[in-house]
Amino acid sequence: MPNLALWVVEGDQPTPVADHGIYERTLEDWIERQPSLVHEGIRWVGRQRRLPGGGILDLLGVTPEGQWVVAELKAGPVNMATLNQALGYATEIGAMDGEDLLSKLDTEKHPDLGQYLSPRNLALLLVGTSQAPDLERGIRFLQEQGLRIPIRIVTFGMFRQSNGAVFLARQVEERESPTDARQGGGRERVLELAQGFGVEDELTETLRVAERLGLPVKVWPACFTVNSPVNKRKTLLYVGPREGGCHVGYAASAYAEAFGVTTVEVESALGSNWKTLPKLEVMPWLKRAEDLTKAAMERTSTALVTPSARA
C-alpha cells in the first residue's frame, strides 16, 4: 500500500499517525481470527499445512460457494515469487486425491468439505503490504496465456497512535481473466442436487428472483449466487441445497457497495447470516431478499435522477 499516510484530526489540527511495520505471523494470526479482513464469509480449514511437495501452505480456506482459496501471506510486498508460490500450492491442492486432501484438514470441525472436492474450484489470495511492479505484468501475461484462476490481492498498511491504538488500512483488488466462463458444475447439476434434497422449487425460485431483478447468477458446484451489478464477481445472495432445506447467506458489504444501503438495513431484512433454513422458511427468506434488493435498486435509481430531470 505505497504512499499511504493517515492523520487524526482533533479540532482543526491534523496529527500524523506513525507507520508501523507488520509481522507476517501477526498478520496471519489476525486473518485467521477475523477472516473478513481478506474475504467475507470464508472459513479457514487448514493453516501451516505441509503439502506433498514439501512446501508449507500459510492458509487454506473454503468460501460459502465452495471455492478453495490458497492464501499466501508476506510481511512485505507481494510479487511474482509470491504468485508462483501460491500457484504451486494450488496445483498440489488441485491434483491431490480427495481423501489425501481431507486427511490434512480438520474434518471434524468442517464435516461438509467432501462435497467440494469435485469439481475442485480454486482461487488464489495474495496478502502483503504492497504490490511489486512485476506482479501486474506477470498476472497479465499469465492470463493472456490462459490462466483462469481468480486472484485476489489484499494489501494492508498498519499505523499506531501514540496512545497505542492500532489502525489497519486495507486495499482489495480482484484479478480474473475476462475469458473465464466456467460455471462450476452447471445449473442442471445444482438443480439435480436440490431435487435430491427436496428443495428444487426453492433453487428454481432463486433463479427467478435474479431474473426479475435483472441480476447476474453465478453457478457453483453446489449452489447458486445472485451477484452484484457493480462487480459481477461479488455475491449478494447465496442459496445452496441441504437435506430438507437450504443454506443461505448474503454479503452486506456488497449490498452497500452496489446500492448504498447500510449493512444494518440488510441485516435487519435478512436476519442472521450463513444459516441453514428448513424448507418452509426458504421461500419467505427469498421474498424478503427480493423486496430488499428491489427497494435498494429503486432508491439508487431515484438518487441518480437530477432535480431538473424530476421536474
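The values are calculated or read from the model by the stated rules, or taken from the named source; none is laboratory data. Since the model is a prediction, treat every value here as computed from it, not as a measurement. Here Cβ is always computed from backbone atoms with ideal geometry, including for glycine, and neighbour counts include all displayed protein chains. What goes into the accessible areas is simple: the full protein's heavy atoms, side chains included, and nothing from ligands, DNA or RNA. Shrake-Rupley method; radii C 1.70, N 1.55, O 1.52, S 1.80 Å.
Could you tell me whether Glu257 is of a type outside the set (Gly, Ala, Ser), within 19 Å of the chain's Cα centre (by Cα) and over 16 Å from Gly214 (Cα atoms)? The answer is yes for Glu257.
Answer with yes or no whether Ile139 is assigned to a helix (DSSP H, G or I) and crowded, with 19+ Cβ neighbours inside 10 Å.
Details: assigned to a helix (DSSP H, G or I): yes; crowded, with 19+ Cβ neighbours inside 10 Å: yes.
The answer is yes for Ile139.
Applying a threshold of 6 Å to beta carbon distances and a minimum spacing of six or more residues, or different chains, the list of pairs starting in the range 5-18 at a residue that is at pLDDT 80 or above and ending at one that is assigned to a loop (DSSP other than H, G, I, E, B) reads Val17/Gln161. Scanning for something free of Cβ contacts under 8 Å to residues at least 40 places away in the same chain, touching a Lys or Arg at 6+ places or on another chain (Cβ under 9 Å) and not aliphatic (A, V, I, L, M), does the range 30-38 turn up at least one residue? Scanning the range 30-38 turns up at least one residue that is free of Cβ contacts under 8 Å to residues at least 40 places away in the same chain, touching a Lys or Arg at 6+ places or on another chain (Cβ under 9 Å) and not aliphatic (A, V, I, L, M). Taking the range 217-278 and the strands (runs of 3 or more DSSP E) fully enclosed by it, the elements with 2 or more residues that are open to solvent by 40 Å² or more (accessible area, probe 1.4 Å) and under 21 Å from Thr204 (Cα atoms) are at 275-278.
Return the total of residues in the range 194-207 being within 13 Å of Thr293 (Cβ to Cβ) and surrounded by fewer than 17 Cβ atoms within 10 Å (Cβ to Cβ).
Within the range 194-207, the first condition is being within 13 Å of Thr293 (Cβ to Cβ), and the residues that meet it are 206.
Next, from what is left, pick out any that are surrounded by fewer than 17 Cβ atoms within 10 Å (Cβ to Cβ): none.
Residues meeting the conditions: 0.
Right, Thr26: more than 19 Å from the chain's Cα centre (by Cα), closer than 26 Å to Tyr250 by Cα and of a type outside the set (Phe, Trp, Tyr) or not? It is false that Thr26 is more than 19 Å from the chain's Cα centre (by Cα), closer than 26 Å to Tyr250 by Cα and of a type outside the set (Phe, Trp, Tyr).
Restricting to the range 2-30, count the residues that are out of contact with any Phe, Trp or Tyr (no Cβ under 8 Å at 6 or more places or on another chain) and not in a strand (DSSP E or B).
Number satisfying all stated conditions: 14.
Within the range 36-57, the presence of at least one residue that is assigned to a loop (DSSP other than H, G, I, E, B), aliphatic (A, V, I, L, M) and over 19 Å from the mean Cα position of the chain (by Cα) is confirmed. Taken over the range 107-119, the criterion of being touching a helix residue (DSSP H, G or I) at 6+ places or on another chain (Cβ under 9 Å) and either open to solvent by less than 50 Å² (accessible area, probe 1.4 Å) or of a type in the set (Val, Ile, Thr) (or both) is satisfied by Thr107, Leu113, Gly114, Leu117. Residues in the range 142-154 that are open to solvent by 50 Å² or more (accessible area, probe 1.4 Å) and either at pLDDT 90 or above or farther than 30 Å from Asp100 by Cα (or both): Glu144, Gln145. Checking Leu124, Leu101, Leu87 one by one, the residue that is open to solvent by less than 30 Å² (accessible area, probe 1.4 Å), in contact with a strand residue (DSSP E or B) (Cβ under 8 Å, 6 or more places away or on another chain) and on the phi < 0 side of the Ramachandran plot is Leu124 and no other.
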